[in-house]
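The values are calculated or read from the model by the stated rules, or taken from the named source; none is laboratory data. Keep in mind that what you see is a predicted model, and the values were worked out from it rather than measured. Here the Cβ positions follow ideal geometry from the backbone for every residue, glycine too, while neighbour counts run over all protein chains shown. We work out accessible area using only protein heavy atoms, side chains counted, and drop any ligands, DNA or RNA first. Shrake-Rupley method; radii C 1.70, N 1.55, O 1.52, S 1.80 Å.
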Amino acid sequence: MSDSKVLRRLAQNREAARKSRLRKKAYVQQLESSRVRLNQLEQELERARQQGSYAGSSGDNNHPGVAAYDMDYARWVEEQNRQISELRSALAVHVTDNELRVLVDKGMAHYDELFRLKGTAVKADVFHIVSGMWKTPAERCFMWMGGFRPSELLKILIPQIEPLTEQQLLAVCNLQQSSQQAEDALSQGMEALQQNLADTLSTGSLGAPNVSNYVGQMAMAMGKLGTLENFVRQADNLRQQALQQMHRILTTRQAARGLLAMGDYLSRLRALSSLWIARPQD
């Protein structure tokens, strides 16, 4: 082999080695970048859990009653997570029905406490409750009048508590139908209220309002907001009644599985919100 060919081959080998080193360096840098990004995501996820996983977006919570409710709700969620963990363990080790009944009654009382807290918050600022700013973004997508739709929640729970006896299935179907009818009636009432408010606020000239007419319009509109509070209270009553009726229909073990399923479903919505907040932005 001539000297020129040897030199050319050596040059090619050196170039190939150089490119190989560059590729290896780029690969190592990519791995390091991925590791750093993963650490950042974990930190962002943890911050999202601490700052927004319970109370959702901060919103306008200047009212003392609103701020108090947001803190109470955050504590309520923490306690619910603890109770759900306790229920899960009890079902896994097959505790007696009497022991399980204590946990189920505690879970039902915990939901009663939430409805009591919401009743107080509605008086402070009904818009805060209806807007769902105390919940996470994913939860707000499924909200209806400040909470869950009983009929929709029943659809989620039924597969988790089967098998049901024929009598239980009939009772659950009747509950689902009556809940749907009550929801439809409240939704229609809310639509009528919204139209009524719009008509009240748009009466007269919007471009150059008369001061006395404006004051009168605002007074009328404020009076109608009392109806909004009543609608939210009725919706919460419907939710509470649906839970209580399901408690009466089901056996203790079925009720425990139902509470566990409901807690897990809501927890997954909150986790989804945290993951969404922490997603890569680039």
Leading residue by the ranking (modelled with the highest pLDDT) among those in the stretch 1-35 that are hydroxyl-bearing (Ser, Thr, Tyr), open to solvent by less than 100 Å² (accessible area, probe 1.4 Å) and in a helix (DSSP H, G or I): 20
Assess whether residue 228 counts as being closer than 25 Å to residue 119 by Cα, open to solvent by less than 70 Å² (accessible area, probe 1.4 Å), assigned to a helix (DSSP H, G or I) and at pLDDT 95 or above. no
Please go through the stretch 123-140 and give me each residue that is open to solvent by 20 Å² or more (accessible area, probe 1.4 Å) and assigned to a loop (DSSP other than H, G, I, E, B), ordered by number. 125, 133, 135
If you check 143, 218, which single one turns out to be within 30 Å of residue 124 (Cβ to Cβ), surrounded by fewer than 16 Cβ atoms within 10 Å (Cβ to Cβ) and at pLDDT 90 or above? 143
Considering only the stretch 263-282, state which residues are open to solvent by 60 Å² or more (accessible area, probe 1.4 Å) and closer than 20 Å to residue 150 by Cα. 265, 268
Somewhere in the stretch 172-180, is a residue small (Gly, Ala, Ser), free of Cβ contacts under 8 Å to residues at least 12 places away in the same chain and within 27 Å of residue 107 (Cα to Cα)? yes
Subset of the stretch 61-102 that is polar (S, T, N, Q) and assigned to a loop (DSSP other than H, G, I, E, B) - its residue that is nearest to residue 264 (Cα to Cα): 96
Given the criteria buried (at least 20 other Cβ atoms within 10 Å of the Cβ), assigned to a helix (DSSP H, G or I) and of a type in the set (A, V, I, L, M), does residue 260 qualify? yes
Going through (1) in contact with a helix residue (DSSP H, G or I) (Cβ under 6 Å, 6 or more places away or on another chain); (2) of a type outside the set (Phe, Trp, Tyr); (3) without any contact (Cβ under 8 Å) to a residue 60 or more places away in the chain one by one, residue 162 fails only at (1)
